[in-house]
Amino acid sequence: MRAKALLLIDLQNDFCPGGSLAVPGGDEVIEVANRMQQHFDVIVATQDWHPADHGAFAANHEGKNPGEFIDLHGLEQILWPVHGVRDTPGADFVKELDTSKLTHVIRKGTDPQVDSYSAFYDNGHRKSTGLSDFLRQQGVHDVYILGLATDYCVKYSALDARREGFSTYVIEDGCRAVELKAGDAQAAIEEMRHSGVAIIHSGQIGL
Ligand SMILES: [Zn+2]
């Protein structure tokens with residue numbers, strides 16, 4: 001059988017209004033995430049799950065501020081406010097998210113030396129999270145993605161899903177962007193589309 005998977009990217013308190021790295025309108029996608037689940041055989045949620053000493057946090061680099069770039073063990077790294085620290089309320093799933101049907105949870109960004117935007121690999125593409133193998137074992141060919149944020153973790157997850165050979169769909173109304181620069185969201189959408197990712201609307205699912 002040709003199973004379909006839904007990936008729910010980083011639907012965590014820190015990425016919603018009131019959180020330390022709040023994505024504008026981030027809470028608005030929870031309703032979409034809950035509504036979509038009934039249409040999928042396999043549902044995987046990701047969580048940023050950083051140690052407090054993570055190298056992507058500006059606070060861990062003397063004199064640096066969020067938004068500045070550094071070299072983190074050979075990779076260009078934008079510095080973020082402290083967020084998604086494991087075992088803290090900020091890293092918890094938003095309480096309105098229905099987690100009762102989750103098949104699997106991927107916790108990423110656990111290595112303090114490298115960031116991990118994608119649900120599949122760290123940013124250096126060195127270490128796999130095991131998600132591709134998991135999805136293949138479940139007979140998944142089609143991967144649908146929504147969550148936070150369009151211009152980072154959604155984008156990198158979608159590009160990796162394509163690269164791993166899955167038919168990949170991003171549910172645009174189920175995503176919101178950080179938009180450090182105006183236009184980042186649109187650029188991310190174009191980059192995904194250019195790489196063979198279909199950009200769709202939640203209303204197209206289950207028709
Ligand atoms: Zn993070």
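The values are calculated or read from the model by the stated rules, or taken from the named source; none is laboratory data. Remember, predicted model here, so these are calculated numbers, not experimental data. Ideal geometry is used to build each Cβ from the backbone, glycine not excepted, and the neighbour counts take in all protein chains shown.
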### Task
Within segment 59-77, identify whether any single residue is closer than 23 Å to Phe120 by Cα, within 12 Å of the ligand (Cβ to nearest atom) and in contact (Cβ under 8 Å) with a residue 24 or more places away in the chain, and answer yes or no.
yes
#### Entry: Tally, over segment 169-190, of residues that are in contact (Cβ under 8 Å) with a residue 60 or more places away in the chain and of a type in the set (Lys, Arg)
1
### Query
Is it the case that some residue within segment 29-44 is touching a helix residue (DSSP H, G or I) at 6+ places or on another chain (Cβ under 8 Å), among the charged types (D, E, K, R) and surrounded by fewer than 24 Cβ atoms within 10 Å (Cβ to Cβ)?
yes
### Task
Please determine, by comparing only the residues of segment 162-190 that are aliphatic (A, V, I, L, M) and assigned to a loop (DSSP other than H, G, I, E, B), which one is farthest from the chain's Cα centre (by Cα).
Ala182
## Note on the structure
Exception for Arg193 within (1) free of Cβ contacts under 8 Å to residues at least 12 places away in the same chain; (2) outside any helix (DSSP H, G or I) falls at (2)
#### Entry: Search result, residues across segment 29-52 that are of a type in the set (D, E, K, R) and either part of a strand (DSSP E or B) or under 13 Å from the mean Cα position of the chain (by Cα) (or both)
Asp48
### Message
Kindly evaluate Asp98 against the criterion of being more than 15 Å from the ligand (Cβ to nearest atom), at pLDDT below 95 and either under 25 Å from Lys181 (Cα atoms) or among the acidic types (Asp, Glu) (or both).
### Response
no
### Message
Every residue in segment 35-54 that is within 11 Å of the ligand (Cβ to nearest atom) and of a type in the set (D, E, K, R), please.
### Response
Asp48
### Task
Please work out which residue is farthest from Val85 (Cα to Cα), limiting yourself to segment 101-133 and to residues that are surrounded by 16 or more Cβ atoms within 10 Å (Cβ to Cβ) and of a type in the set (Asp, Glu).
Asp122
